[in-house]
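*Asks:* The structure follows.
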Amino acid sequence: MSLETSELLVARMERLVPRMERLVARMERLVAREQRELLRNGQGRARLPLMITPMIDVVFLLLIYFFLTVQFGAEEVNLRTESPVSEKATASADPYALEIEPLVIRIIRAGDGASITLSSGLRAPNNTADLEQILRDSMLDASHPQGLFAADHPIRLAPARDAPWNEVVAVFNAVMSAGYRSVAFGGLE
């Protein structure tokens, strides 16, 4: 919550407190008058007056506390990825099974943007839209029987330490839009 928003809320609450105190005082006077009339008529017995001022003060303090502690920020978004699998975890029951070499997409800072390179001999894309088209054309499915990779082929995004984060997310979105399901961060050395 910004400082300006909190100051605005505090100012509103400060204007409301005197009004509420006047209403509480008026209600207490009405209750006292009603009790006096009951005692004069002999219909009631004397009771302690109901003091609701402290209760209203506590309610206002709680309201101010919750207004000041609530956060009006944007929600965080989670990226659906898999962690890279270590060599020990890849040992399968079949000793003759071949490991599938993942397609590594490297993202390197280049000027204001990023340079994208692909392993497996694919041409380097000019931008994320071009990357999406290259990956879509390389997918093996019924419409592309000459494709190189299945939809569950592992893809590793390997951003450089200084790569712009918005470019990394754009590359991730392009890979997901192309239809690949096994995407993880972390390059293979």
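*Asks:* Scanning region 145-189 for residues that are of a type outside the set (A, V, I, L, M, F, W, C) and assigned to a helix (DSSP H, G or I), which turns out surrounded by the fewest Cβ atoms within 10 Å (Cβ to Cβ)?
*Replies:* 166
*Asks:* Any residue in region 119-127 that is in contact (Cβ under 8 Å) with a residue 40 or more places away in the chain and either among the charged types (D, E, K, R) or farther than 20 Å from residue 101 by Cβ (or both)?
*Replies:* no
Throughout, read-outs are computed from the coordinates displayed, never taken from laboratory work. What you see is a predicted model; the values in this text were computed from it and never measured. Cβ coordinates were reconstructed from backbone atoms using ideal geometry, including for glycine residues, and neighbour counts include every protein chain displayed.
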